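A short worksheet on the structure shown next.
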Amino acid sequence: MWTLIAKDLRVLRSSILTYALMVAAMILFFSRMEMGSAFIATWSIVLPYVFSGRICYQEEVDGGLGLLRSLPVSPGAIVASKFAGGLLLTIGGWFIGIAAGGLAHWLGWFAPQGGSSFQFISLAFPLALVLVLEGLFFLAFFTWDYRRASYVMLLPLLGFLPLAFPSFFRPVIRWVVDRISVDSWYYLMGLLLASLICYLAFGLLAAWVFTRKDVG
């Protein structure tokens, strides 16, 4: 499995480095805006999405899944390598957001309400969200193909619903903010654990589906 992960990272190393540097630079400079925290949180979701999408896109363009199925590699190992690699890149992208935001804070360009610890806590919520969406993306990729899986990437657009229905979502947003500021570590650990369980469940389901799928 680790050989497959290394293969994905080696093929996309230049793209991964380019996107990582670009996002870090954007976070560093645009965090000076009034909505700096929201900007950092948004890119902490976008960057892992880009990483996962590139891995699956390249695999489909090169016919990688068909080649791997012709080798003495179990379908479960193929799926596990994508989920494990995606998790590593997601955590790496999250730390890029933390590092870039921390550097902006050190330079005096970004002053998150509640201090730097609040920045760490607030970015945990996007991390939990992206783990669920990323798991769903991989599941759709192994069930169908990259084109259909790419529709999952549109789901974050639902985040604009509070703008369309402010009176309905305002109590929900207020409740979330209260949970961040009160007993935040308790809710944080529970949220991250739940997202990891969902990610694992999607991985097991994807392995079950891919094992029964004919790949040309």
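The values are calculated or read from the model by the stated rules, or taken from the named source; none is laboratory data. What you see is a predicted model, and the numbers here were worked out from it, not measured in a lab. Note that each Cβ is placed from the backbone with ideal geometry, even for glycine, and that neighbours are counted across all protein chains shown.
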Enumerated helices (runs of 4 or more DSSP H) restricted to region 1-117, each holding at least 2 residues that are at pLDDT 80 or above, among the hydroxyl-bearing types (Ser, Thr, Tyr) and surrounded by 16 or more Cβ atoms within 10 Å (Cβ to Cβ): 36-61, 75-106
Condition met for Phe120 (under 17 Å from the mean Cα position of the chain (by Cα) and modelled with pLDDT of 70 or more): no
Candidates Asp214, Asp183, filtered to the one that is more than 19 Å from Val132 (Cβ to Cβ) and either at pLDDT 80 or above or surrounded by 15 or more Cβ atoms within 10 Å (Cβ to Cβ) (or both): Asp214
Residue count, region 4-17 (criterion: closer than 16 Å to Leu87 by Cα and either touching a strand residue (DSSP E or B) at 6+ places or on another chain (Cβ under 8 Å) or hydroxyl-bearing (Ser, Thr, Tyr) (or both)): 0
Residues of region 132-165 classified as at pLDDT 95 or above and basic (Lys, Arg), total: 0
Filtered residue count, region 185-216, keeping only those that are touching a residue at least 40 places away in the same chain (Cβ under 8 Å) and either within 16 Å of Cys56 (Cβ to Cβ) or among the β-branched types (Val, Ile, Thr) (or both): 10
